[in-house]
1. Per residue of the range B:9-15, what does 6.51 cos²θ - 1.76 cosθ + 1.60 with θ = phi - 60° give for ³J(HN,Hα)? Whole Hz please, x for Gly and Pro, Karplus curve as stated.
2. For B:VAL155, list long-range residues whose amide hydrogen, built 1.01 Å from N in the peptide plane, is under 5 Å from its own amide hydrogen.
3. Tell me the label-point distance for the pair B:LYS130, B:LYS164, using the 7 Å Cα-to-Cβ offset, in nm and rounded to one decimal.
4. Would you mind putting A:85-92, A:188-195 in packing order, based on average other-beta-carbon counts within 10 Å, highest first?
5. Using a basic spin-label model with each label point 7 Å from the Cα along Cα→Cβ, how many nm lie between B:ARG173 and B:PHE243?
6. So what are the ³J(HN,Hα) numbers for the range A:48-59, from phi and the Karplus equation (6.51, -1.76, 1.60; θ = phi - 60°), rounded to whole Hz, Gly and Pro as x?
7. Which semi-axes, in whole Å and largest first, does the equivalent ellipsoid of the range A:78-222 have when worked out from the alpha carbon gyration tensor as the square roots of 5 times its eigenvalues?
8. When N is the residue count of the range B:176-215, what does its C-alpha Rg come to as a fraction of 2.2 N^0.38 Å?
Amino acid sequence: MIELYHIWKQYQKPHWALSDVSLEINSGDFCFVTGPSGSGKTTLLKIIFRELFPTEGQVLIDGVNILKIPDHKIFRLRRTMGIVFQDFRLLFHQSVFENVAIPLRIIGLPYKEIRRRVFNALRQVNLHHKMWEYPQRLSYGEQQRVAIARAIVNNPNLLLADEPTGNLDPELAFEIMTIFKEINKQGATVIIGSHDRELIRHFGDKIFFLQKGKIIGKEEKK
Amino acid sequence: MSLRQLGYQAQAAGSNLWNFRGRNLVSILIIGFSFLIIGIFLSLSNNLTYLGEQLSNNLAISFFLNRNINTDELEAIKQEILNTGLKVEIKHISSEEALQRFKTNFPELQDILSSLNNNPFPPSLEVRLKEKSITLLALSSFMDRIKKVKGVEDVQFNQEWVEKMDSLSRIVRAIGLFLGSILILASFFIISNVVRLNVFARKNEIEILRLVGATNTFIRLPFLIEGFVLGFLGSLLSLGILFLLMKLFPLYVGSSLGAARQLFELRPLTTEQMGWLIAGGIITGTLGSVTAVSRFLRV
């Protein structure tokens, strides 16, 4: 369960990126955080995986205040998560395989197992035929799918995705959402930052509406 | 960290060393030349120490005795010399022997001697030190002690030359230490900066690794391996150049220096000194990396 209490975030005075945001996401939820550009979606997601600290407020994941975890122990939290960054954050001097394998190499899995899991993750995003290509030779949409494969390769408990379908054509976006839904069915909590109304309408079970850093509404499908 | 992860990190370090080979070569050269200077001074110091030892081995002190000295007094002096505990070889030179020696060594001055009515040379005790090394202070206290014994008139010893050798050896060691320290410090900062550039070039990678759950040790390790390798290769390079210098320098100098040539014969470093040079290179390289990476781990 993810609980955010009175989160305030300020990058520069006097503007607040997030103002008094409180929300609860249950384990196994499939939810969207939506709103126009600059509404604070990315900031909110970054606070949940602790790339950013809020100016005020508390973040609890399964009852643990993640803001109090010391820096040298934060890796344990992150190993339970899969993150799709808005800017992909791929390593361009490493192959697709090597990029997707990073979370598995970190935990020291044997090469055979890494190969099997990377292949499966790439097959899920329909990129297994480009396993040995380098990211700079892939299209924008393909790079995005590599980032998604890296996020799902270690079967995370929590999957965070910031605009994961932003550059994909509607058909592929739909496919990607289906993959996320599949991971969700296996027990993972999925939080997606997106402004794609069509996808949200189709897939969203729980939707938080953000505007100018404030939660202005919440919708839940029964 | 498992062996598998270690292998992965070593592989990452290897590819990074290759990818940034130009920059890494510069660091190896800098470490190499810094440690070469230290090696040269060490070698010079070895040489001077060797010369000093040779000198002490052949060190002879002459105690000139009273002409009317009797056997008891002579024995008392010998006993006093032995009582000092120093390893010595004592030889008694009578007035006649001294005269004979002078005649043999300086035949052209025989005429002067014949014009004298009596033998001008006093009897003496020639004391040859067998100690491997002896300090000047110990030597002068030894001489003072013997000089006070009844029957000893004077002492002759070429102290000035020994003192010069001693201070030269100390100066060489001090310069070596001073220059060496500066150069080691400089190479430490250079390595640190080279690694920092490498780290900066891989800032994205470090950030990604952090965000997908890598530990600091996991991130730090390839850089430490790189620092270790750079330091090791740098110090090996310095030993290689030093070896070449030792082979080529005597050939270049040739025999033109005559007796002084011995000073320029670079004696090889001892195995222990070579070990210390390599260890120094490795420590400098690794510490340089530790400092550089630590600054980037606060992602």
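Only the coordinates and a few stated rules stand behind these numbers; no lab work does. Please read these numbers as outputs of a predicted model, since none were measured by experiment. Please note: Cβ atoms are built from the backbone with ideal geometry, for glycine as well, and neighbour counts cover all protein chains shown.
1. 5, 5, 5, 4, 4, x, 5
2. Under 5 Å from the amide H of B:VAL155 lie the amide H atoms of B:PHE64, each far enough along the sequence or on another chain.
3. 3.0 nm
4. Numbers: A:85-92: 17.2, A:188-195: 23.0.
Sorting A:85-92, A:188-195 by mean packing, highest first, produces A:188-195, A:85-92.
5. 2.8 nm
6. Couplings: 5, 9, 6, 7, 10, 9, x, 5, 9, x, 10, 10 Hz.
7. Working: eigenvalues 146, 55, 37 Å².
So the equivalent ellipsoid measures 27, 17, 14 Å along its semi-axes.
8. Numbers: Rg = 15.7 Å, N = 40, 2.2 N^0.38 = 8.9 Å.
Output field value: 1.76.
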